[in-house]
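One structure is given here, and the rest of the page talks about it.
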Amino acid sequence: MTFMVFNSYFTDRAMQVLADCGIDYYTSWDNAKGKGQGTEPHLGSGAYGSTNTVLMIAFKDEAPLEGLIRGIEGLNRGITRPADHFRLFQMPLDRIV
């Protein structure tokens, strides 16, 4: 299972990477607020008006996940500010019912 976190400004790019990888399954949380390590806050108002989007994606096999990792690496190469890079957090998934 992964959580993909990115500035909501880049939602179109994220959706394109998912489509390119054949991933048509996810749960989305829009307007997520917070601050990552070494990044600026995304608080939705004031000086920090941006927000993040979080996509939860559960994988039954590794192939689409590997494609997604490559896609995110490609996206990040095209984003100048490291603070705006896509983040992918991966954890074990015991079962999908």
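Hey, among the residues in region 14-24 that are out of contact with any Phe, Trp or Tyr (no Cβ under 8 Å at 6 or more places or on another chain) and surrounded by 12 or more Cβ atoms within 10 Å (Cβ to Cβ), which one's nearest to Ile96 (Cα to Cα)? Before you say what the answer is, go through the steps one by one.
To start, the set of residues in region 14-24 that are out of contact with any Phe, Trp or Tyr (no Cβ under 8 Å at 6 or more places or on another chain) comprises 15-17, 19-24.
When the remaining residues are screened for being surrounded by 12 or more Cβ atoms within 10 Å (Cβ to Cβ), the result is 15-17, 20-21, 23.
Numbers: Met15: 23, Gln16: 25, Val17: 23, Asp20: 24, Cys21: 20, Ile23: 16 Å.
If we take residues in region 14-24 being out of contact with any Phe, Trp or Tyr (no Cβ under 8 Å at 6 or more places or on another chain) and surrounded by 12 or more Cβ atoms within 10 Å (Cβ to Cβ), then Ile23 is nearest to Ile96 (Cα to Cα).
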### Task
Using the structure shown, decide if Ala63 is over 12 Å from Arg87 (Cα atoms), within 12 Å of the chain's Cα centre (by Cα) and at pLDDT below 95.
no
#### Entry: For Lys60: the one exception among (1) in contact with a helix residue (DSSP H, G or I) (Cβ under 8 Å, 6 or more places away or on another chain); (2) in a loop (DSSP other than H, G, I, E, B)
(1)
#### Entry: Close pairs (7 angstrom Cβ cut-off, 6 or more residues apart or separate chains): touching a residue at least 40 places away in the same chain (Cβ under 8 Å) and in a helix (DSSP H, G or I) in region 72-94, surrounded by 10 or more Cβ atoms within 10 Å (Cβ to Cβ) and of a type in the set (A, V, I, L, M, F, W, C) anywhere
Ile72/Val17; Ile72/Phe86; Ile72/Leu88; Leu75/Val17; Leu75/Phe86
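In region 39-49, which residues are under 16 Å from Arg87 (Cα atoms) and either modelled with pLDDT of 85 or more or of a type outside the set (Asp, Glu) (or both)?
Kept after step one, since they are under 16 Å from Arg87 (Cα atoms), are these residues of region 39-49: 39-42.
Once the filter is applied, which keeps residues that are under 16 Å from Arg87 (Cα atoms) and either modelled with pLDDT of 85 or more or of a type outside the set (Asp, Glu) (or both), region 39-49 yields Thr39, Pro41, His42.
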### Summary
Subset of region 22-36, residues closer than 25 Å to Phe59 by Cβ and either assigned to a loop (DSSP other than H, G, I, E, B) or in contact (Cβ under 8 Å) with a residue 60 or more places away in the chain (or both), comes to Gly22, Ile23, Asp24, Tyr25, Tyr26, Gly36
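Hey, could you check region 33-59 for residues that are open to solvent by 50 Å² or more (accessible area, probe 1.4 Å) and among the polar types (S, T, N, Q) and say which is nearest to Gly22 (Cα to Cα)? Talk me through it step by step, then tell me what you get.
Keep residues of region 33-59 that are open to solvent by 50 Å² or more (accessible area, probe 1.4 Å), which gives 33, 35, 37-38, 40, 43, 45-48, 56.
Those left that are additionally among the polar types (S, T, N, Q): 37, 45.
Working: Gln37: 31, Ser45: 35 Å.
Only one residue fits best here, namely Gln37.
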### Message
Please go through region 62-92 and give me each residue that is of a type in the set (Asp, Glu) and open to solvent by less than 60 Å² (accessible area, probe 1.4 Å), ordered by number.
### Response
Asp84
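The values are calculated or read from the model by the stated rules, or taken from the named source; none is laboratory data. Here the structure is a predicted model, which is why all the values come from computation and not from measurement. Every residue, glycine among them, receives a Cβ derived from its backbone with ideal geometry; neighbour counts consider all protein chains shown. Ligands, DNA and RNA are excluded from the accessible area calculation, which covers all protein heavy atoms including side chains. Shrake-Rupley method; radii C 1.70, N 1.55, O 1.52, S 1.80 Å.
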